[in-house]
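Taking it in order: structure first as structure tokens, then the write-up.
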Amino acid sequence: MSDAPYDRYRELEAYGGWSEEDARRVQALAPLVRPAFGPLVDDFYQEIDRHPQARKVITGGSAQVARLKETLTRWLDEMFTGPYDEAYVDRRWRVGLRHVQIGLDQVYTNAALSRLRRGLMAAVGAVWNGTTADLLAHLSSLHLRLDLDLAIIEDAYQAEYRRRETSAQRLATIGKIAGGVAHELRNPLNVVKTSVYYLLHGRQLSEEKRRAHLERIERQVSHANDVITSLNDFSRLPLPRLEKVLVVDCLRSAVDTLNLPPTISVVWDLPQPEALVVLADRGQLAIVLSNLIRNACDAMPDGGTLHLIGRREGERVEIAVRDSGAGIPPEELPRIFEPLYSTKAKGIGLGLSIAHEILSRHQGSLHVASQPGVGSTFTLRLPAA
């Protein structure tokens, strides 16, 4: 098991106030409740049999029920004996994962544990011969033990749900972009096809015509390659390798690399550049800044002013890329981060999607403000180093 579930469990232990004294109290109850395990386990599965939504996950008949009864008995025995170490948490975590895999709704796990809880309380109360104060203290520790076990199972449920949701979203994204990819590739392929046909069957081709069609083919192949490269970047974006990055260095590198036209003037507004240090993947941050600056320049085809603004705001660093272009119509703003959605005639529509995904993986964010006829401002926020 990875460290994450156990680390999370230890955090929950501390949050709930679990102590060595609680562990001793629960373990002291073991000889009192162990004789009740058999009846409790039988009752547990008899109740499942009365609820179709819970019973549907038991597909192996009486043999499976017998195995499950043995597993539940061991689970109860471990809960009263410990130790409550990483292996213990791993076994509880796997219970949660297994319930998701077999399609058991989490609410039935909660209700089932409540039924076990009531049975255990009754079993302890029936044989207790100490003081009422001691009984309440022991039951309080047992309640906390049961709550922590349930928290581990619920955490596994949520982790698996998030994993499946991410996978479903990725599949939905693939479905959404499939049509756009077909369109983006079919157009250049049709152009190439007509030019090839002309080159093969045209009579008395002049050198000028032949060269024009070859250049046309080259342009369309280049465009198709750009589409494929962008899709590859989008689908295989690796997890960020975080390090301390001075943002101003990335900004200057992006500006130098893009070779901005002379009609665009750059205004630097970085009053404390040495404070603009973030935790980021240097290469991926360069992709984000290059995309934003390139988009800003594309929005000013006749020239304009590019403002690059940087501020330290508490534990975050804000970088804004502002242009003086035509702006984005209000009805298009909600969609600009969608894959393959572009407001540019020749845009592939993946630059902002990639930037948004990169920043999400950095625990950052990307926001846009735009006014038609005035320009747009894209603001990214990242954790400060």
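What follows is calculated from the coordinates using simple rules that are stated; it is not laboratory data. Small disclaimer: the values here were computed from a predicted structure and weren't measured. Cβ atoms come from the backbone with ideal geometry, glycine included; neighbour counts cover every protein chain shown.
Quick one: length gained pulling Gln371 to Thr263 fully straight, 0.36 nm per residue minus the C-alpha distance?
Here the segment from Gln371 to Thr263 would lengthen by 36.7 nm.
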Measuring from the longest principal axis of the C-alpha atoms of the chain, the long axis of helix 132-201 (C-alpha) lies at a number of degrees, nearest 10, equal to 20
Any idea how far apart Ala168 and Arg74 come out in nm if each label point goes 7 Å out from Cα toward Cβ? 3.2
Given springs between every Cα pair under 10 Å in a Gaussian network model of the chain, which of Gly351, Gly38, Gly310 has the largest fluctuation? Gly38
Taking 0.36 nm per intervening residue step and subtracting the Cα-Cα distance, what contour gain separates Asp302 from Asn110 on full extension? 62.8 nm
Using Cα-Cα distances under 8 Å and only pairs 6 or more residues apart, what relative contact order does segment 243-383 have, in percent? 24
Through the Karplus equation 6.51 cos²θ - 1.76 cosθ + 1.60, θ set to phi - 60°, convert the phi angles of segment 324-338 into ³J(HN,Hα) values in whole Hz; use x for Gly and Pro. 10, x, 6, x, 10, x, x, 5, 8, 4, x, 10, 5, 8, 6
For the chain, what does the relative contact order come out to in percent, with C-alpha contacts under 8 Å and a separation of six or more? 13
Note the angle between two axes, namely the Cα long axis of helix 86-102 and the longest principal axis of the Cα atoms of the chain, as a number of degrees from 0 to 90, rounded to the nearest 10. 70
Tilt of helix 282-298 relative to the longest C-alpha principal axis of the chain, in degrees (0 to 90, nearest 10)? 40
May I ask you to derive the relative contact order of segment 3-167, considering only C-alpha pairs under 8 Å and at least 6 residues apart, and to give it as an integer percent? 40
Springs between alpha-carbon atoms under 10 Å, Gaussian network over the chain: tell me which of Ala14, Ala224, Ala159 tops the mean-square fluctuations. Ala14
Would you list Met79, Met300, Met121 from fewest to most Cβ contacts within 10 Å? Met121, Met300, Met79
Residues Asp281, Asp147, Asp323 arranged by fewest to most Cβ contacts within 10 Å: Asp147, Asp281, Asp323
Mean residue ellipticity (222 nm) of the chain, computed from DSSP H runs ≥ 4 via -39,500 (n - 2.57), nearest 500: -21500 deg cm²/dmol
What full-extension length gain, to one decimal in nm, is calculated for Thr131 and Arg219 as 0.36 nm per residue of separation minus the Cα-Cα distance? 22.9 nm
Return the FRET efficiency for the residue pair Tyr161, Gln363: r is the Cβ-Cβ distance, R0 is 25 Å, and the value is rounded to the nearest 0.05. 0.75
So if R0 is 45 Å, what FRET efficiency would Arg98 and Lys209 give, r being the distance between their Cβ atoms, rounded to the nearest 0.05? 0.05
